[in-house]
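Below is one structure; the comments refer to it alone.
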Amino acid sequence: MDVFEAIAKRHSYRGPFRDQPVPRADLQRIVQAGLQAPSGKNAQTTGFVIVDDTELVGRISRLPATNTAMQQAKAFIACIVDVHPEAVYEGHDFQVEDCAAAVENMLLAVTALGYATVWIDGWLRVDRRAEKIGELLNLPAGKIIRVLLPIGVPEETRSQKETKLFEARAWFNRYGGAGA
Ligand SMILES: Cc1cc2nc3c(=O)[nH]c(=O)nc-3n(C[C@H](O)[C@H](O)[C@H](O)COP(=O)(O)O)c2cc1C
């Protein structure tokens, strides 16, 4: 699958997973794609905890208010950032952007390998869920899970939501397209 096909096929999957494990070699390949993402000042700030231990996976899956994909995930990838990021360039840090770039690379790798996932971020910020999962994963003080990816082989076929038209969000030369 080339990169444009992976971009077109990537979608948030919240449905059931097959009862089929995700081999470590594939999890490692997915995270390797995250490691190779660009980062501000090449600081490579995002850390990754790959959860494939059945007991740990189950403890995350059983947290309240998850979706079906989280309840049936065969593995999770937790993306870790600093609670108080250090500035790396002129007083600025880029940890959120670094993490997002890594996540998108991993979403494309997940798609290319025939797995499915969904970018879980908002859910983590409610009821101290990020902190609770962080405790399960032995995160040291000062580190927090920013994004969680439940991974598995999708049972159902889903597709990407329709995106707004090019003309509605993108223009050549001037915002809004005037004088193009
Ligand atoms: C920053 C960010 C946070 C997100 N947080 C969640 C989340 O907590 N739970 C969830 O089910 N989906 C979450 N999503 C997935 C979005 O809902 C999804 O990408 C969007 O609806 C577009 O659908 P698509 O991914 O299928 O194209 C998040 C996506 C992003 C980029």
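Listed here are the residues, each with its yes/no results for (1) closer than 15 Å to Asn105 by Cβ; (2) crowded, with 18+ Cβ neighbours inside 10 Å; (3) at pLDDT 95 or above; (4) touching a Pro at 6+ places or on another chain (Cβ under 7 Å).
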{"position": "Val22", "(1), (2), (3), (4)": "no, yes, yes, no"}
{"position": "Asp26", "(1), (2), (3), (4)": "yes, no, yes, no"}
{"position": "Gln32", "(1), (2), (3), (4)": "yes, no, yes, no"}
{"position": "Leu35", "(1), (2), (3), (4)": "yes, no, yes, no"}
{"position": "Gln44", "(1), (2), (3), (4)": "yes, no, yes, no"}
{"position": "Val51", "(1), (2), (3), (4)": "no, yes, yes, no"}
{"position": "Thr54", "(1), (2), (3), (4)": "no, no, yes, no"}
{"position": "Ala75", "(1), (2), (3), (4)": "no, yes, yes, no"}
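Scanning segment 147-169 for residues that are assigned to a loop (DSSP other than H, G, I, E, B), more than 10 Å from the ligand (Cβ to nearest atom) and surrounded by 10 or more Cβ atoms within 10 Å (Cβ to Cβ) yields Val153, Glu155, Glu156. If the condition is being within 16 Å of the ligand (Cβ to nearest atom) and within 14 Å of Ala75 (Cα to Cα), then segment 15-38 contributes Pro16, Phe17.
So that you can scan it fast, the table gives a plain yes or no per residue for (1) part of a helix (DSSP H, G or I); (2) more than 29 Å from Pro140 (Cβ to Cβ):
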{"site": "Ala6", "(1), (2)": "yes, yes"}
{"site": "Arg14", "(1), (2)": "no, yes"}
{"site": "Gln20", "(1), (2)": "no, yes"}
{"site": "Arg29", "(1), (2)": "yes, no"}
{"site": "Pro38", "(1), (2)": "no, no"}
{"site": "Lys41", "(1), (2)": "yes, no"}
{"site": "Val49", "(1), (2)": "no, no"}
{"site": "Val57", "(1), (2)": "yes, no"}
{"site": "Ala65", "(1), (2)": "no, no"}
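Being within 29 Å of Asp127 (Cα to Cα), surrounded by fewer than 18 Cβ atoms within 10 Å (Cβ to Cβ) and within 17 Å of the chain's Cα centre (by Cα): is that true of Asp82 here? So Asp82 passes the test. Evaluating Met1 against the criteria (1) out of contact with any Asp or Glu (no Cβ under 7 Å at 6 or more places or on another chain); (2) away from the ligand (no atom under 16 Å from the Cβ); (3) modelled with pLDDT of 95 or more leaves one unmet condition, (3). For residues in segment 88-130 being in contact with a Gly (Cβ under 6 Å, 6 or more places away or on another chain), in a helix (DSSP H, G or I) and of a type in the set (A, V, I, L, M, F, W, C), which is farthest from Phe76 (Cα to Cα)? Selected residue: Ala102.
Are any residues in segment 52-66 within 16 Å of the ligand (Cβ to nearest atom) and under 12 Å from Gly152 (Cβ atoms), and if so, which ones? Residue satisfying the conditions is Ser61 alone.
The values are calculated or read from the model by the stated rules, or taken from the named source; none is laboratory data. Just so it is clear, the structure is predicted and the values come from calculations on it, not from any experiment. Positions of Cβ are generated from backbone atoms using ideal geometry, with glycine treated the same way; all protein chains shown enter the neighbour counts.
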